[in-house]
Amino acid sequence: MPVNLHINGRPVSVPAGCSVAAALAIAGNGITRISVGGEARAPLCGMGICQECRVSINGVRRLACQTTCSADMRVETSQ
Ligand code: FES
């Protein structure tokens, strides 16, 4: 059963149990944020250590790799 959510305002459908990090990759380039030096950053470790996957989920900063997608979730990256 697919899960429907929004990434940067765009509707995306992903398989149930999919992490937000995986949903970002499915939806496009997987970029989560821009560093202070202007470089694009993306999930690296996939296990909650590197902090590169920080995004806003329903208005709260969270780790995309540690968050499972749920219906109507709103994910915002810093792109
Ligand atoms: S990918 Fe490293 S903390 Fe999420």
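The values are calculated or read from the model by the stated rules, or taken from the named source; none is laboratory data. Remember, predicted model here, so these are calculated numbers, not experimental data. Ideal geometry is used to build each Cβ from the backbone, glycine not excepted, and the neighbour counts take in all protein chains shown. For the accessible areas, the whole protein counts, side chains as well, though only heavy atoms, and no ligand, DNA or RNA atoms are used. Shrake-Rupley method; radii C 1.70, N 1.55, O 1.52, S 1.80 Å.
Things worth noting here:
- The Cα-based radius of gyration and maximum Cα-Cα distance (Dmax) for the chain are 11.4, 40 Å.
- Residue-normalised accessible area of the chain, expressed per residue, 1.4 Å probe, Å²: 57 Å²
- Percent carbon-and-sulfur accessible area, the chain, ignoring ligands, DNA and RNA, probe 1.4 Å: 53 percent
- Dipole magnitude (debye, nearest 20) for the chain, charges at Cβ of Lys, Arg, Asp, Glu: 100 debye
- Spin-label zone in the stretch 53-79 - amide nitrogen under 20 Å from a point set 7 Å from the Cα of residue 10 along the C-beta vector: 53-59, 64-65, 69-79
- Positive end of the dipole of the chain (Cβ unit charges, origin at the Cα centre): among 25, 56, 44, the Cα lying farthest that way belongs to 56.
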